[in-house]
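The block underneath contains the structure these notes are about, expressed in structure tokens.
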Amino acid sequence: MGTREKLLAFFEENKGSYFSGEELAARLSVSRTAVWKAVNSLRREGYEICGVSNKGYCLSGDADILSVQGISKYLKPVCPSIQIELLPYVDSTNDYLREQAGQGRPEGFAVIAGEQSRGKGRIGRSFYSPADTGIYMSFLLRPEDCPPSQAVKFTTMAAAALCLAIEKVSGKNPRIKWVNDIYLEKKKVSGILTEASVSLESGVLEYVILGVGINVYPPKEGFPEELEKKAGAVFEKKEKDGKNRLAAEFLNSFMDFYRGKAGAEYAGIYKSRSMVPGREIHVLLPEGAKRAKALELDPECRLLVEYEDGAREWLRAGEIRIVPEEI
């Protein structure tokens, strides 16, 4: 870890407190010149570091910039294997992570970007990913002996974890639109895209890439016209360390479901947050939309629907629209 990274980690643990250059140099075992260079480097990246004569340097307590150090300080013991790579810009975090997975990256590796030019949504759609307003994360899993039919459970697990994270950090009550979208006040604030690789030899999952996009703040220029009535954000204005806390709390909750003591609880949380049962919906099929009523979710978070002709079907994955199309 270089001087810049060490200094940022120290500042993140002591936000709002002043330290002289001499004290920082002693704590980090570097020269005062190295401290000065590291401070200027962080300032160029947008960190609000105050410098006051006779007081020293201080990282503003109101700052909200994604950083590995800022996320790591909120991670709980259930996340010992988490490794984070932070990129200011990338085409697609899912595509980037697929390359890393092919090179043998271990389970728990996460890439988080400040901006995406080709953020991926479901069924070939894009996920709008402007700079500085969101969290765009892809997370690598290597589940043992997991058949492809079980891959959807990682999507529902992530949706439940996102709801808990958003509620804990914002105090708001997010809901889930089956199967992978998170809503606040009838507007989508987050989407999940799960992609996987299957071993041809064993027929089980080789790895799973869990892509999560969160609109933390509204874009400065507003959402594009095609999204302005549908898309929302977790916060309306800057929240102290909002992005780092959201990213960390998502990882904490997800890993608690995946590896921790709460492994059996995610389905119940998912069901309790679902906004779909009892609603009229359109099930989007290759041959077109088919009207149905959403009845219930089972312990695997499959959705039971009843079509207009009375036929019923359990949906494990797919796409639906709520009728009337207000969501």
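Read-outs: derived from the displayed coordinates by stated rules, not from any lab. These numbers were taken from a predicted model, which means no experiment stands behind them. Here the Cβ positions follow ideal geometry from the backbone for every residue, glycine too, while neighbour counts run over all protein chains shown.
Taking other Cβ atoms within 10 Å as a rough exposure proxy, Ile71, Ile65 sort from fewest to most as Ile65, Ile71. Footprinting exposure proxy ranking of Glu280, Glu308, Glu287, fewest other C-beta atoms within 10 angstrom first, gives Glu287, Glu308, Glu280.
Scan the stretch 1-80 for trypsin sites (Lys or Arg not before Pro) in coil per DSSP, keeping those whose Cβ has at most 10 other Cβ atoms within 10 Å, and list them by number. Intermediate values should be presented prior to the final figure.
On the way: sites: Arg4, Lys6, Lys15, Arg27, Arg32, Lys37, Arg43, Arg44, Lys55, Lys73; in loops: Lys15, Lys55, Lys73.
Loop-located and lightly packed - none at all.
With R₀ set to 25 Å, the beta-carbon distance separating Val323 from Glu265 gives a calculated FRET efficiency near 0.20.
Which length gain, in nm to one decimal place, applies between Leu227 and Arg142 when the Cα-Cα distance is subtracted from 0.36 nm times their residue separation? Display every interim value, and only then the final one.
On the way: separation 85, 0.36 × 85 = 30.60 nm, distance 3.43 nm.
The Leu227-Arg142 span can extend by a further 27.2 nm.
The simple Förster model, with R0 at 25 Å and r as the Cβ-Cβ distance, assigns Arg312 and Glu287 a FRET efficiency of 0.85.
Considering only DSSP states other than H, G, I, E and B, which GluC sites (Glu not before Pro) in the stretch 176-241 qualify as loop sites with at most 10 other Cβ atoms within 10 Å? Answer by residue number: Glu185, Glu201, Glu221, Glu225, Glu226, Glu236.
Neighbour counting of Cβ atoms within 10 Å sorts the residues Phe254, Phe19, Phe154, fewest neighbours leading, into Phe19, Phe154, Phe254. Got the relative contact order for the stretch 64-135 handy, in percent, Cα pairs under 8 Å and 6 or more residues apart? Relative contact order of the stretch 64-135: 30 percent. For the stretch 209-224, 3J(HN,Hα) computed residue by residue from phi via the Karplus equation (6.51, -1.76, 1.60; θ = phi - 60°) reads 10, 9, x, 10, x, 10, 7, 7, 10, x, x, 4, 8, x, 6, x Hz, glycine and proline entered as x.
Extension gain, Ser41-Arg118: 0.36 nm per intervening residue step, less the Cα-Cα distance, totals 24.9 nm. Tell me, what is the percent relative contact order of the stretch 173-304, built from C-alpha pairs under 8 Å that lie six or more residues apart? Result for the stretch 173-304 is 19 percent. Each label was represented as a point 7 Å from its Cα along the Cα-to-Cβ direction; for Ser29 and Ser272 these points are 4.8 nm apart.
Per residue, the average separation of C-alpha pairs within less than 8 Å and at least 6 apart gives the chain a relative contact order of 15 percent.
Quick one: dipole size for the stretch 152-273, taken about the Cα centre, charges +1 on Lys/Arg Cβ and -1 on Asp/Glu Cβ, in debye to the nearest 20. With only Lys, Arg, Asp and Glu charged at Cβ, the dipole is about 520 debye.
The structure-derived value of percent of Cα pairs over 28 Å apart appears in the list (i) 45; (ii) 41; (iii) 56 under the label (i). Amide H to amide H, with H built 1.01 Å from N, Thr194 comes under 5 Å of Gly211, counting only residues 5 or more places away or on other chains.
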